[in-house]
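Asks: Okay, here's the structure, questions in a sec.
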Amino acid sequence: MRILLVMVVVIVGILAVVIVPRLVAPAPAEPAAVARVTATPTPAPIALPTPSPTPTQKSEQHSLDDIVASTVSVYSVLVCSSLQEYSAVSIPQIVDRVLTQYPTTGLSDQSRQVMAQRVLAESAAKSCPDQGPRVAAGITQG
């Protein structure tokens, strides 16, 4: 029992003396230590090829692809359950409802239409293949 008590006292002492002061405020570096570090010769920097600059704005097609991919990956099961729940509603009506409820920024109206159609088609292909023919026929119709 005494051994455990001694070990606890030693550990708390180490924490109090060594670790806690470093966490609160780091000790200033000694000038001699800095001189020793800078006295060591440093290797010459290696020239690395710089990557070509990328455009800061994505193209509309790239944005559309990103939106469709992320939506399908996250919501495909929910889309499929909604397709089954609203089996009496036509696909063009579903697309219109989606576009009025979920506005997307940065896309033209035509791209928004394509986005909704692609999300429905890709979600059906991924999570409910039985709804695929209905979605394909509805997209072709509307």
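Every read-out reported here was derived from the displayed coordinates using simple, explicitly stated rules and does not represent laboratory data. Quick caveat: nothing in here was measured; it's all calculated off a predicted structure. When we count neighbours, we look across all protein chains shown, and the Cβ atoms used for this are built from the backbone with ideal geometry, even at glycine.
Asks: Using C-alpha positions alone, give me the convex hull volume of the range 63-105 per residue in cubic angstrom. If you can, show how the numbers build up before the last one.
Replies: Numbers: hull volume 3.1 nm³, N = 43.
Once divided by residue count, the hull of the range 63-105 is 73 Å³.
Asks: Another question, then. For L99 paired with S87, estimate the spin-label separation in nm (one decimal), with each label point 7 Å from Cα along the Cα-to-Cβ line.
Replies: Here the answer is 2.7 nm between the modelled labels.
Asks: Give the dimensionless ratio obtained when the Cα radius of gyration of the range 60-141 is divided by 2.2 N^0.38 Å.
Replies: Details: Rg = 11.8 Å, N = 82, 2.2 N^0.38 = 11.7 Å.
So the range 60-141 has a normalised radius of gyration of 1.00.
Asks: Another one. In the neighborhood of S90, defined by Cβ-to-Cβ distances under 10 Å, what is the net charge if each Lys or Arg adds +1 and each Asp or Glu adds -1?
Replies: Details: positive: R134; negative: D96.
Counting the neighbours of S90, the net charge comes to 0.
Asks: Counting pairs of alpha carbon atoms under 8 Å apart in space and at least six apart in sequence, what relative contact order in percent does the range 60-141 give? Write down the numbers at each step before the final one.
Replies: Details: 62 pairs, mean separation 37.4, N = 82.
Worked out over the range 60-141, it gives 46 percent.
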